[in-house]
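Okay, so here's the structure we're looking at.
The values are calculated or read from the model by the stated rules, or taken from the named source; none is laboratory data. Owing to the predicted nature of the structure, the values given are computational and were not obtained by experimental measurement. Positions of Cβ are generated from backbone atoms using ideal geometry, with glycine treated the same way; all protein chains shown enter the neighbour counts. Accessible surface areas use protein heavy atoms only, side chains included; no ligands, DNA or RNA. Shrake-Rupley method; radii C 1.70, N 1.55, O 1.52, S 1.80 Å.
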Amino acid sequence: FHGIISREQADEILAGVEGAYILRESQRQPGCYTLALRFGNQTLNYRLFYDGKHFVGEKRFESIHDLVTDGLITLYIETKASEYISKMTTNPIYEHIGYATLLREKVSRRLSRTKNESRKASVTSEENTPVEKITSLVRRAALTQNDNHFNYEKAHNFKVHTFRGPHWCEYCANFMWGLIAQGVRCSDCGLNVHKQCSKYVPNDCQPDLKRIKRVYCCDLTTLVKAHNTQRPMVVDSCIREIEARGLKSEGLYRVSGFTEHIEDVKMAFDRDGDKADISASMYPDINIIAGALKLYFRDLPIPVITYDTYSKFIEAAKISNPDERLEAIHEVLMLLPAAHYETLRYLMIHLKKVTLHEKDNFMNAENLGIVFGPTLMRPPEDSTLATLNDMRYQKLIVQILIENEDVLF
């Protein structure tokens with residue numbers, strides 16, 4: 001550290017010593033520190049910051065020496081191999097070998113298995129059900145179930161990563177240089193690529209169950225792809241249990257179960273997945289299962305009705321003409337990610353069944369809208385005022401979805 005000196009003085013000190021560096025305090029801005037580094041026969045000056053670790057850009061270092069070492073590696077590569085770097089992403093190996101090929105093989109094996117199963121199912125249905133009784137709605141649902149089962153698109157969840165030892169990018173097959181944070185790794189499937197290559201990787205992430213540590217608080221699409229299911233297994237299991245023994249329960253979804261028991265159900269799903277025991281012998285109070293289902297939706301990092309579509313749904317709800325409003329809601333539904341759309345569709349079919357037992361459970365579409373509005377949709381910005389202003393529209397959206405599920409879905 002050389003105290004308060006000018007750029008010119010720093011240049012004189014470092015002259016002729018390639019790779020040398022000093023720290024100085026700025027003359028123009030006392031209290032601000034600069035890293036002066038000699039590279040390529042010139043002195044480069046970088047504003048230096050500290051927040052427990054030293055940094056001049058995105059990477060954080062334990063010591064200035066490590067920062068300089070990494071910087072020299074990066075500067076050398078960018079100077080000597082700029083043409084090489086610019087061409088890295090132009091001829092990727094991604095489509096030909098490695099992750100993409102393995103993924104295609106996995107998917108084709110699964111699809112062939114699914115087609116065989118669906119063929120068996122269709123033969124059975126043809127024997128038992130006259131063709132004329134199969135409605136377009138049922139046919140559409142069957143197509144959705146069989147054909148799109150494994151086709152949910154999912155972006156990779158890339159996080160900056162420090163690789164130990166030499167590492168090569170799985171997109172372009174080129175070396176990943178640097179001392180730390182040489183590239184990014186998908187925390188859901190483990191794909192390793194350069195940061196610049198990550199912009200070109202297709203949205204074909206196939207999450208690995210070994211990397212998905214829990215069921216609750218996990219991204220919805222990530223969960224269904226990891227478990228290879230059409231919807232989150234929590235939703236299927238809870239709805240199956242509620243429809244088996246709880247449709248006539250008074251105040252279903254409005255009456256709360258014991259919080260600690262709901263937390264027990266949550267931990268059971270996180271620990272055991274679809275093997276979790278939520279039977280009547282384990283949890284006699286159906287409100288506990290209903291509470292666990294609502295908690296799953298509340299804990300989603302991205303709500304079922306996503307942040308991206310939230311404002312469009314609210315605007316649609318404000319339309320006064322019922323037919324135009326329904327059309328607008330339908331258009332926004334089409335913007336939902338496939339896994340979110342399928343989960344919402346399945347839930348609305350279930351809630352419609354709940355309303356058919358209104359005489360016993362006293363829960364109509366409006367009541368369920370009050371319960372599920374804030375559960376299924378939240379404003380993108382964490383604003384209490386926005387939430388309060390939108391509550392009636394949230395309720396109305398869910399109410400309309402329930403009442404018109406056969407038309408909207």
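The residue among Thr387, Cys238, Ile349 whose Cα reaches farthest toward the positive pole of the charge dipole of the chain, with charges on the beta-carbon of Lys, Arg, Asp and Glu, is Cys238. With the simple spin-label model, which puts each label point 7 Å out from Cα in the Cβ direction, the Ala81 to Lys195 separation comes to 1.7 nm. The H on the amide N of Cys32, modeled in the peptide plane, is under 5 Å from the matching H of Ser26, each at least 5 residues off or on a different chain.
What does the accessible area per residue of the chain come to in Å², with a 1.4 Å probe and no ligands, DNA or RNA counted?
Details: 22100 Å² over 409 residues.
Value returned for the chain: 54 Å² of accessible area per residue.
If the chain linking Ser311 and Gln42 were pulled fully straight, counting 0.36 nm for each residue of separation and taking away their Cα-Cα distance, it would gain 91.6 nm.
The calculated FRET efficiency for Ile319 paired with Arg245, based on their beta-carbon distance and R0 = 41 Å, is about 0.55.
Each residue, Ile13 and Glu263, gets one label point 7 Å from its Cα in the Cβ direction; the gap between the two is 5.6 nm. Look at (i) 24.9; (ii) 25.6; (iii) 23.1: the one that is Kirkwood radius over Cα pairs in Å derived from this structure is (ii). With 32 Å as the limit, write out which pairs from Lys225/Lys312; Lys154/Lys275; Lys59/Lys275; Lys225/Lys318; Lys199/Lys266; Lys154/Lys395 have Cα-Cα distances beyond it, or answer none. Listed pairs above 32 Å: Lys59/Lys275; Lys225/Lys318; Lys199/Lys266. What shape does segment 7-87 take by its C-alpha gyration tensor, where a ≥ b ≥ c are the square roots of the eigenvalues and a/c under 1.5 counts as rounded, a/b above b/c as prolate, and the rest as oblate? Verdict is oblate for segment 7-87.
Using a 1.4 Å probe on the protein heavy atoms, what percent of the accessible area of the chain belongs to carbon and sulfur? Carbon plus sulfur share of accessible area: 52 percent. Within straight-line reach of Lys53, meaning a Cα separation under 26 Å, sit the following lysines at least 8 residues removed in sequence or on another chain: Lys159, Lys195. Taking amide H as placed 1.01 Å from N in the peptide plane, Glu170 has its amide H under 5 Å from the amide H of Asn192, Val193, His194, each at least 5 places away in sequence or on another chain.
Taking the Cα centre of segment 7-87 as origin and charging only Cβ (+1 Lys, Arg; -1 Asp, Glu), how large is the dipole, in debye to the nearest 20?
Values: 10 positive and 12 negative charges, 31 e Å.
Roughly 160 debye for segment 7-87.
For segment 227-407, the Cβ-based charge dipole about the Cα centre amounts to some 180 debye (Lys, Arg positive; Asp, Glu negative; other atoms uncharged).
Build a GNM of the chain with springs between Cα atoms under 10 Å apart, and of Ile314, Ile77, Ile288 the one that fluctuates most is Ile77. Helical runs assigned H by DSSP (4 residues or longer) give the chain a calculated mean residue ellipticity at 222 nm of -15500 deg cm²/dmol, each run adding -39500 (n - 2.57) before division by the residue total. Ordering Ile305, Pro322, Ala292 by the projection of their Cα atoms onto the charge dipole of segment 287-409, which places +1 on the Cβ of Lys and Arg and -1 on the Cβ of Asp and Glu, puts Ala292 at the extreme positive end. Measuring nothing but how far apart in sequence close Cα pairs (under 8 Å, 6+ apart) lie, relative to its length, segment 227-407 scores a relative contact order of 27 percent. Relative to the Cα centre, the charge distribution of the chain, modelled as +1 at Lys and Arg Cβ and -1 at Asp and Glu Cβ, gives a dipole magnitude of about 680 debye.
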